[in-house]
Amino acid sequence: MHPLDTPVHSALTGTHAPFARRHGSALRYPPEMSIWAAFPDDADGWRDAEGFGTVTTAGDPRTAPAGWECTMLIPGVQYDGSGMAVVPDPEAVVLGPDDVPEMLALVERTRPGPFLERTIEMGTYLGIRDGGALVAMAGERMRPAGWSEISAVCTAPEARGRGLGSRLVRAVGAAIRERGDVPFLHAAADNATALRLYEHLGFTLRRTVEFAEYAFTARRSRDSQR
């Protein structure tokens, strides 16, 4: 199976294995780092996932068994960056733990997708500052075998139209290529602006995916009947 067919599982059993929280066959990142979980789409896998209570998956469509409720479902796409032209950016700075409050504030303003207090530990994040303020950033998230996901691409509204997002995607891609990995990314299928940008940069559609959150409700239902 290709690593990008099960990117969360591949990452959590490979480069990101030290971050993995396990319950039987179910794996997930620490909740303060990332929302993503992975488990087999069979009876045993769903049973093991009960230990997490709530799980968020990225991949093929699933049908939740009895006792589970789908609480979020977003159609998405997975893009392959094999053909992307990459180049370092002299203005991009590496962001660190001290920058996290500013990064979280930028994410809150721009909503690029999940970015949490410890997401920065998943890979390298680059930013561009203007007058000392962080106005754009992008970085790495999941790292399936041989691949690295570009994520949290965002630009403050007042700094848009200057190509900062494109520059940062290329710069993050350059670092990924330098260590021998291939860039890829996920995006919401209806985010037309982002998809145009990624295709302009050389990304190609690999497949459609679903981003889904499931909550285990059976235990709560049983408790309410007591």
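Laboratory data are not the source of any read-out in this text; all were calculated from the coordinates shown. These numbers were taken from a predicted model, which means no experiment stands behind them. Using ideal geometry, Cβ is built from the backbone for each residue, glycine included, and neighbour counts are taken over all protein chains shown.
Things worth noting here:
- Packing rank of 37-45, 117-125, where each peptide gets the mean count of other beta carbons within 10 Å, highest leading: 117-125, 37-45
- Close amide H contacts of Trp68 (hydrogens built in the peptide plane, cut-off under 5 Å, sequence separation of 5 or more or a different chain): Thr217.
- Residues whose placed amide H lies under 5 Å from that of Val209, excluding near-sequence neighbours: Gly76, Val77, Gln78
- 5 angstrom amide H check on Ala136, placed H, neighbours 5+ away: Ile128, Ala156
- Binning all Cα-Cα separations of the stretch 96-149 at 5 Å, short to long from zero, yields these whole-percent fractions: 4, 18, 32, 25, 12, 6, 2, 0.
- Computed from backbone phi, the HN-Hα couplings of the stretch 22-30 come to 10, 9, x, 7, 8, 10, 7, 6, x Hz, rounded to whole numbers (Karplus: 6.51 cos²θ - 1.76 cosθ + 1.60, θ = phi - 60°; Gly and Pro given as x).
- Pairs of Cα atoms nearer than 8 Å and 6+ residues apart set the relative contact order; for the chain it is 30 percent.
- Shape call, the stretch 79-207: gyration tensor on alpha carbons, a/c limit 1.5: rounded
- Residues in the stretch 102-107 carry Karplus couplings, in order, of 5, 5, 5, 5, 5, 4 Hz; the curve used is 6.51 cos²θ - 1.76 cosθ + 1.60 with θ = phi - 60°, and Gly or Pro positions show x.
- Per residue convex hull volume, Cα atoms of the chain, in Å³: 131
- Evaluating 6.51 cos²θ - 1.76 cosθ + 1.60 at θ = phi - 60° for every residue in the stretch 201-206, the Karplus couplings come out as 7, x, 6, 10, 5, 9 Hz, glycine and proline recorded as x.
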